[in-house]
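What follows is a short report on a single structure.
The values are calculated or read from the model by the stated rules, or taken from the named source; none is laboratory data. Please read these numbers as outputs of a predicted model, since none were measured by experiment. Every residue, glycine as well, gets a Cβ built from its backbone with ideal geometry; the counts of neighbours run over all protein chains shown. Heavy atoms of the whole protein, side chains included, go into the accessibility calculation; ligands, DNA and RNA do not. Shrake-Rupley method; radii C 1.70, N 1.55, O 1.52, S 1.80 Å.
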There are 2 protein chains.
Amino acid sequence: MGTNNLLMHRDTCFMDKAIALANASSRSGRNGPFGAVVVKGDRLLGEGVNHVVQRRDPTAHAEVMAIRAACRTLRSHSLDGCTLYSSCEPCPMCLAAAYWARIERIVFACTRRDAAEAGFDDDAIYRELPLPWPRRQMKFRQIRRRAGLKTLEIWKNNPAKRPY
Amino acid sequence: MGTNNLLMHRDTCFMDKAIALANASSRSGRNGPFGAVVVKGDRLLGEGVNHVVQRRDPTAHAEVMAIRAACRTLRSHSLDGCTLYSSCEPCPMCLAAAYWARIERIVFACTRRDAAEAGFDDDAIYRELPLPWPRRQMKFRQIRRRAGLKTLEIWKNNPAKRPY
């Protein structure tokens, strides 16, 4: 097989793993119908299924769970060079988590609009985020900026700081 | 005091708590210089500081930690009616987490641009998210949509499902 065929084959294999995880969740009905895996080369570093309801944790999306599991495997907060496979296009929380984790590439199956039709708010949150905060549905207030800036100053001037 | 004065006083008190958490983190230098608390009425439900480096978890931002702590306190994945106080405007991951958690209101001190000047990528991720995926810096591929849709179908038709 050529490089492209090999990559396509690998993508299909790992996507089928993510979808199998999602299917198990869909059949149980206990959590959201989403699954994800994080892979480096041919090595599966972490897997995740949606656990929002069971763990009572709104951040326990499949992709976040897979990213956290992969970080535990590598003992690092960086997943540089890794691919995230998800049964559905990541929501803004999971996509931003992938950026923070330095994920290199994301492969997904169904889209945010497919998720919206199943009753998940991803698309609505995608529309809110780019708006300036006075125009969002969420209420915002800014206070004490000077005190907040002082915190950043203390950090910047701390020779022991560990940037990430 | 009038209602507005009372609210302003409460906002200042809880913001000072979030900033105190951030300051402790800035002084130790072990993690990012951010702190957050989740409050319902006058009750502090959860607090969080950035723990990315120490926990080797790129999702362990102050706001995510505070949201998860508050959910544990309430034994619920919903923080309906709660306010999130953060020493800095939330990054897209934390903001989306607040939407998923049904947070009602966000009070913040310094801004995403202040964070960018201290070396944190929030603003860059805010610019990436609204772009269609072929135009982002992150690489994307979509495959197996039909199999992904089947997962959502199984869930939609499952009478035992627990929507959130």
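Residues that are more than 8 Å from chain A (Cβ to nearest Cβ), surrounded by 24 or more Cβ atoms within 10 Å (Cβ to Cβ) and of a type outside the set (Ser, Thr, Tyr) do not occur anywhere in the range B:3-17.
When A:Phe120 is tested against (1) of a type in the set (Phe, Trp, Tyr); (2) open to solvent by less than 20 Å² (accessible area, probe 1.4 Å); (3) free of Cβ contacts under 8 Å to residues at least 40 places away in the same chain, just one condition goes unmet, and that condition is (3).
Of everything in the range A:105-117 that is among the small types (Gly, Ala, Ser) and crowded, with 19+ Cβ neighbours inside 10 Å, the residue that is farthest from A:Leu79 (Cα to Cα) is A:Ala115. Filtering the range A:18-33 to residues that are open to solvent by 40 Å² or more (accessible area, probe 1.4 Å) and more than 8 Å from chain B (Cβ to nearest Cβ) leaves A:Ala20, A:Ala24. Residues in the range A:35-65 that are free of Cβ contacts under 8 Å to residues at least 40 places away in the same chain, within 20 Å of B:Gln142 (Cβ to Cβ) and in contact with a Cys (Cβ under 9 Å, 6 or more places away or on another chain): A:His61, A:Glu63. In the range A:65-99, of all residues being of a type in the set (A, V, I, L, M, F, W, C) and out of contact with any strand residue (DSSP E or B) (no Cβ under 7 Å at 6 or more places or on another chain), the one that is surrounded by the fewest Cβ atoms within 10 Å (Cβ to Cβ) corresponds to A:Cys71. For A:Arg127, work out the one condition from (1) surrounded by fewer than 18 Cβ atoms within 10 Å (Cβ to Cβ); (2) within 7 Å of chain B (Cβ to nearest Cβ); (3) farther than 28 Å from A:Ser76 by Cα it doesn't fulfil. Every condition holds for A:Arg127 apart from (2). Give the range B:75-110 a look and list any residue that's at the interface with chain A (Cβ under 7 Å from one of its Cβ atoms) and among the hydroxyl-bearing types (Ser, Thr, Tyr), or say none. Across the range B:75-110, the qualifying residues are B:Ser76, B:Ser87, B:Tyr99.
Of all positions in the range A:19-30, none carries a residue that is outside any strand (DSSP E or B), closer than 20 Å to B:Met138 by Cβ and either without any contact (Cβ under 8 Å) to a residue 60 or more places away in the chain or among the hydrophobic types (A, V, I, L, M, F, W, C) (or both). So, in the range A:34-61, of the ones that are in a strand (DSSP E or B), more than 21 Å from B:Val52 (Cβ to Cβ) and open to solvent by 20 Å² or more (accessible area, probe 1.4 Å), which residue ends up nearest to the other protein chains (Cβ to nearest Cβ)? That would be A:Val49. Only a single criterion out of (1) in contact with a Phe, Trp or Tyr (Cβ under 6 Å, 6 or more places away or on another chain); (2) in contact (Cβ under 8 Å) with a residue 24 or more places away in the chain; (3) open to solvent by 10 Å² or more (accessible area, probe 1.4 Å) is not satisfied by B:Arg102, namely (1). Apart from one condition, B:Met138 fits all of (1) at the interface with chain A (Cβ under 8 Å from one of its Cβ atoms); (2) surrounded by 23 or more Cβ atoms within 10 Å (Cβ to Cβ); (3) among the hydrophobic types (A, V, I, L, M, F, W, C); the exception is (2).
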